[in-house]
Amino acid sequence: MTPLLSVENLKTYFHTYRGLVKAVDGVSFSINEKEIVGLVGESGCGKSVSMLSVLQLISSPPGEIVGGRVMFEDQDLLQYKSKSEVMNSIRGAKIAMIFQEPMTSLNPVLTIGRQLTESMEIHLNMTPRSAAERGIELLRLVGIPDAKNRLAAYPHQFSGGMRQRVMIAIALSCNPKILIADEPTTAVDVTTQAQLLELMQDMVDRFKTALMIVTHNLGVVARYAERIYVMYAGHIVESGLADDIFLDPRHPYTIGLLNCVPKLGETRQEKKLVPIKGLPPNLINMPANCAFLPRCDYVCDTCRQKPWPSLEPVGGQHYVACYREIKDKP
Amino acid sequence: MGVIVIFVVTVMVFLFIRLLPGDPLTIYLNKTDIQQLTDEQLQELRVKFGLEKTLPMQYIDWMGGLFTGDFGQSIYYDIDVGILVRERMPVTLYLGGLAFIISGALGISFGVICALKRGTWIDTVVTLLANIGVTMPSFWVGIILIYLISVKAGWLPVGGYISPFENLWESTRRVIMPVTCLSLFSIASLTRLTRSSMLEVIQQDYIRTAWSKGLKERLIVTRHTIKNALIPVVTVIGVQVAFIFGGSVLIESVFNINGIGRLATQAVQNQDYLVVQAITLIMAIMVVISNLVVDISYGWLDPRIRYD
Amino acid sequence: MPENAPDDTQMADNPQRAETAPRYSEMRRMVSVFVGRPLPVIGLVIIVGLILIAIFAPLLAPYPPNLMDIPNKLQPSSSQHLLGTDSLGRDTLSRIIYGSRTSLIIGFSVMSISSVVGILLGLMAAYFGGAIYHIIMRFMDALMAFPMLLLALLVASLLGNGTLNVIIALGIGMLSAPCRLMCGVVMSVKQNDYVLSAQAMGMSNSRIMFQEILPNAFPPLLVMITIGIGAVILAEAGLSFLGIGITPPTATWGGMVNDGYKFIISHAVLAISPGVAIMLIVFGFNMLGDGLRDALDPKLRGVI
């Protein structure tokens, strides 16, 4: 089965005054129909940039997609210009996106109704009236009370969680094949987080949409994602089924991430949370070898001498980019 | 709010005149007259002009006069200041109004075009022209226009003013150059402001959201960008009105136009204080009123203010 | 528990690095943004050049500015008089060179007076709040309503001519910008969490003022003052053009344009050349101000 979307060797660089930032440097991933996939990594590791690159939403300059392929429906999306007709007909209609900041992602001077119905009017050729009707239906589905009257409201009259619900309604309004949720729950409080995630799972199930959740929170993907990609410093360092990642992590970074997530039923005496030492690397002028090296507990001579390892299969769908085979996991 | 500001404006203008070094009678009489008068006569005049009262009482008297259109007597023209100003006012308002509309329309359009064509030669050229435009003294531009267009080419008359109701064609021919000078600075500064405001809005998250919905660039600009970008531009409209009024003082002198700007200059030269006072007051109040209009139009642009 | 929380540990791991490293690169970023574009550098060069010209005017000017030579009046440009002579036989180039003194003195003194007074008023308004805030701010609103040139006309008509009176008149006109800016910065800084926490930690008010408010207020003030000097010079040129304020024979560029206007048909250079000088100096201050704003604006960080 060919995946719905497959990104191959994607490279997105930023030209800054301090030097070239290789935010995404040879990233490959794919998503199948109706699948829920997680992309995990620390802030600044390039996960958002990868997703924005898929839809060519990178502001250029300073950003530039310098290489790779984005295969969707048998064509490479990167052959089209960002502002081209083809990209406009895919964005919102076939691949939709939800962003991190619910407070700033909606236009403050336009009504919720305007922002909700415009993509339906464009992609589905709906009349304003039928789009408004569907808009009310969508708002009701995402759990906004009094949906009919809320169409005339402005974003500042909504709370952060409500705005994110509106964003979900907008994103799903045209029945997209894929929904990319870029840190959808980072900026809202914990109870709202859980509700939003439930809602998204529910909605993609209802609309038969594939979902890509981008997050720095392993807890988020643990519950919902079927497959997981772990990203570090512009590279995918480990990928596999959710069980592979959680039960049999191979990359030192993944192991480190899991060690700083508290597990249910464990007391403090049994196991301490261990933070990963050090700070994420500065992406400017990085050395050729593994970027995790300065923070790694398992570093060896090979790591120091050889360039960044490529992803190698370690059984099933499980891939790891590491020279070491780590036996004695903590 | 506006009422309070107008009150402060009147108090300031009142105090400016009253804080004049020496006797306020010098406003009505020149120095030799005062020396010739006896103390009793001076006292009589003080009572007549209400100068023996306390400052707040004098202010109330003065304001009462203003409401009935009594700005006092011009010592130079020897007629009522109100009549003098009313006679000269329409000219300045006509030129200023034209300049205001033109600068708003052109400045905002140029700014939007520059922002959309960022980095192209159009942007570079228009931005450079705008940067030069805000540095050119308007009176100097007027002189150069007269030199090139009237004197060298002979296309337009050197100056003067004819009412558009009298002869629209001749009026327009005379109005082109002064209005150009009056609006030049505003066009240039609005271009700069609109451009930078547009560029800031274009970087906002909600514009990225609009792109992610697959909207066409034209729609993103017209529906999602311009309204937001105009919010800071509208804030400076009051400043532009003040600037155009200030410019009229210079431009009416250059082009020999008998508006209140020229009247103000002549009044300063003739030490005709009450005329200067009246003109300053009227212009300031008109600026306050345009600021009020701006505040109201804000609500239309920005729903966050409408609902507060 | 705290020692186990991952976020805390990461933060505490490297407090030094987080504090000092960006500061150093911040300076470099500002310089590189400023120098990275041609216009601000051109602006700086123009201003430094004109300041040097003003200082060394007696050495640079071929003639004294007020030396009248009636037999040689209204000369076209020649090797003796590069820009010709005016109706009194004075050398135009020399008067332009000396005119830079007037413009710069007015520009700098007006902005220093108005920003000192404006900053103090703004601090008072923000610090005391309540009635004092409203009185000061309504006063500034009213001040903003006066066209600056007209305000200057009014003040000049009351106080009479003279350099000092022009400085006072324009100084009053320029008061509101620094006042509002300072007040705005203080009000917003007051709301910031780090100031509230500084207060909670018992930091004295004056320390908060200097440590928190000045660094926030300084960049926009610097930009405002730089661009303000250009605006003041432009306004002063307008006043001199009207023959109000600084009176002959002192060389002012605005006054020279007015003198030259009478001979525009026969001797256009007399009116045009001082105008070019005004443009140049205002352009210099505007470009320097723009460059400073871009360099000091954290929003552009990393983009350029």
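The values are calculated or read from the model by the stated rules, or taken from the named source; none is laboratory data. Just so it is clear, the model here is predicted, and its values are computed rather than measured. Note that we place each Cβ from the backbone using ideal geometry, even for glycine, and neighbour counts take in every protein chain shown.
Points worth noting:
- Taken over region A:17-52, residues that are in a strand (DSSP E or B), within 14 Å of another protein chain (Cβ to nearest Cβ) and buried (at least 17 other Cβ atoms within 10 Å of the Cβ) amount to 2.
Every residue, every condition in (1) touching a Phe, Trp or Tyr at 6+ places or on another chain (Cβ under 8 Å); (2) closer than 21 Å to C:I53 by Cβ, yes or no:
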| residue | (1), (2) |
| --- | --- |
| C:P220 | no, no |
| C:V232 | no, yes |
| C:G243 | no, no |
| C:P248 | no, no |
| C:A251 | yes, yes |
| C:G255 | yes, yes |
| C:A277 | yes, yes |
| C:F283 | no, yes |
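- From the options B:I237, B:I244, B:I257, residue that is within 18 Å of C:F146 (Cβ to Cβ), more than 11 Å from chain C (Cβ to nearest Cβ) and touching a helix residue (DSSP H, G or I) at 6+ places or on another chain (Cβ under 9 Å): B:I237
- Qualifying residue in region B:125-140 (condition: of a type in the set (A, V, I, L, M), within 16 Å of B:G97 (Cβ to Cβ) and at pLDDT below 95): no
- Checking B:L230 against (1) surrounded by 24 or more Cβ atoms within 10 Å (Cβ to Cβ); (2) more than 14 Å from chain C (Cβ to nearest Cβ); (3) touching a residue at least 24 places away in the same chain (Cβ under 8 Å), the condition it does not meet: (1)
- All helices (runs of 4 or more DSSP H) inside region A:69-176 with 1 or more residues being free of Cβ contacts under 8 Å to residues at least 40 places away in the same chain, within 14 Å of another protein chain (Cβ to nearest Cβ) and touching a strand residue (DSSP E or B) at 6+ places or on another chain (Cβ under 8 Å): A:85-90
- Of all residues in region B:262-280, those satisfying the criterion of being surrounded by 23 or more Cβ atoms within 10 Å (Cβ to Cβ) and more than 9 Å from chain C (Cβ to nearest Cβ) are B:R262, B:L263, B:V275, B:A278.
- Looking across region C:248-274, the residues that are touching a Ser or Thr at 6+ places or on another chain (Cβ under 9 Å) and among the hydroxyl-bearing types (S, T, Y) come down to C:T250, C:T252, C:S273.
- Within region A:218-244, the set of residues being part of a helix (DSSP H, G or I) and aromatic (F, W, Y) comprises just one member, A:Y224.
- Criterion (within 23 Å of C:V282 (Cα to Cα), surrounded by 19 or more Cβ atoms within 10 Å (Cβ to Cβ) and within 14 Å of chain B (Cβ to nearest Cβ)) met by exactly one of C:L104, C:L83, C:L50: C:L50
- Some residue of region A:38-53 being out of contact with any strand residue (DSSP E or B) (no Cβ under 9 Å at 6 or more places or on another chain) and either closer than 22 Å to A:S105 by Cβ or of a type outside the set (S, T, N, Q) (or both): yes
- Test result for C:G284, crowded, with 19+ Cβ neighbours inside 10 Å, closer than 22 Å to B:Y147 by Cβ and either at pLDDT 85 or above or touching a strand residue (DSSP E or B) at 6+ places or on another chain (Cβ under 9 Å) (or both): no
- Taking the criterion of being farther than 22 Å from C:R28 by Cα and modelled with pLDDT under 85, the residues of region A:1-26 that qualify are A:M1, A:T2.
- Helices (runs of 4 or more DSSP H) enclosed by region C:159-231 - at least 2 residues per element that are touching a helix residue (DSSP H, G or I) at 6+ places or on another chain (Cβ under 7 Å): C:163-173, C:176-191, C:193-200
- Considering B:I220, B:I149, the condition of being of a type in the set (V, I, T), without any contact (Cβ under 8 Å) to a residue 60 or more places away in the chain and either surrounded by fewer than 17 Cβ atoms within 10 Å (Cβ to Cβ) or within 14 Å of chain A (Cβ to nearest Cβ) (or both) is satisfied by B:I220 alone.
- Complete set of residues in region A:1-12 that are surrounded by fewer than 23 Cβ atoms within 10 Å (Cβ to Cβ) and either within 20 Å of A:K83 (Cβ to Cβ) or aliphatic (A, V, I, L, M) (or both): A:M1, A:L4
- Remark: A:G38 falls outside the filter, which requires a residue to be out of contact with any helix residue (DSSP H, G or I) (no Cβ under 6 Å at 6 or more places or on another chain) and touching a residue at least 40 places away in the same chain (Cβ under 8 Å).
- The residue that is modelled with the lowest pLDDT, among those in region B:74-97 that are buried (at least 18 other Cβ atoms within 10 Å of the Cβ) and closer than 16 Å to B:V276 by Cβ, is B:I75.
- Of the helices (runs of 4 or more DSSP H) lying entirely inside region B:155-253, those containing at least 2 residues that are of a type in the set (V, I, T) and under 18 Å from B:R118 (Cα atoms) span B:168-202.
- Evaluation of A:V204 against (1) assigned to a helix (DSSP H, G or I); (2) within 27 Å of B:Q204 (Cα to Cα); (3) in contact (Cβ under 8 Å) with a residue 60 or more places away in the chain (one fails), failing number: (2)
- Tally, over region C:150-167, of residues that are within 13 Å of another protein chain (Cβ to nearest Cβ), under 24 Å from the mean Cα position of the chain (by Cα) and either under 19 Å from C:M224 (Cα atoms) or of a type in the set (G, A, S) (or both): 2
- Scanning region C:262-282 for residues that are under 16 Å from C:E236 (Cβ atoms) and in contact (Cβ under 8 Å) with a residue 60 or more places away in the chain, we see that the one that is nearest to the other protein chains (Cβ to nearest Cβ) is C:I278.
- The condition of being at pLDDT 90 or above and of a type in the set (G, A, S) holds for only one of C:G238, C:G245, that being C:G238.
- For region B:110-125, the set of residues classified as of a type outside the set (S, T, Y) and either on the phi > 0 side of the Ramachandran plot or surrounded by fewer than 21 Cβ atoms within 10 Å (Cβ to Cβ) (or both) consists of B:I113, B:L116, B:K117, B:R118, B:G119, B:W121, B:I122, B:D123, B:V125, listed by residue number.
- C:I113 in a helix (DSSP H, G or I) and either within 13 Å of chain B (Cβ to nearest Cβ) or in contact (Cβ under 8 Å) with a residue 12 or more places away in the chain (or both): yes
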